[in-house]
Amino acid sequence: MHDLPSRQMQSKPLLSFIVPVLNEASTIQACLTALLPLWICGVEIVVVDGGSDDDTVALARPWRLGYCRASEAGPDR
């Protein structure tokens, strides 16, 4: 589990940053690390998985961010 710094708490975030992923095990941790300053400022970060069959979900889960599996979603649907 990652030791995330505390952030300003809000009842609802003013902004949500959506991170669509599909088999991004090699890049998900670097991506979430880069977004950490936004999270500290109160921005909601939601990982939307398009049906990954690699370790993407396992690597994203310890961050305790928003998560949604949307295996039937995509630009062609």
Residues whose modelled amide H sits under 5 Å from the amide H of Ala25, counting only those 5 or more places away in sequence or on another chain, are Asp55, Thr56
Give, rounded to the nearest 20 debye, the magnitude of the charge dipole that region 16-69 has about its Cα centre when Lys and Arg contribute +1 at Cβ and Asp and Glu contribute -1 at Cβ. 200
Put +1 on the Cβ of each Lys and Arg and -1 on the Cβ of each Asp and Glu in region 16-69; which of Val57, Leu22, Leu35 then has its Cα farthest toward the positive end of the dipole? Leu35
If we count other beta carbons within 10 Å of each Cβ, what is the order of Arg64, Arg69, fewest first? Arg64, Arg69
Placed amide H near Ala70: partners under 5 Å, 5+ positions off or other chain: Asp49, Gly50, Gly51
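Taking K and R as +1 and D and E as -1, what net charge do the other residues with C-beta under 12 Å from the C-beta of Glu24 add up to?
In short, -4.
Readers should treat all values here as calculations from the given coordinates under stated rules, not as data from a laboratory. The shown structure was predicted, so the numbers you read here are calculated from the model rather than taken from an experiment. So basically every Cβ, Gly included, is an ideal-geometry build from the backbone, and we count neighbours across all protein chains shown.
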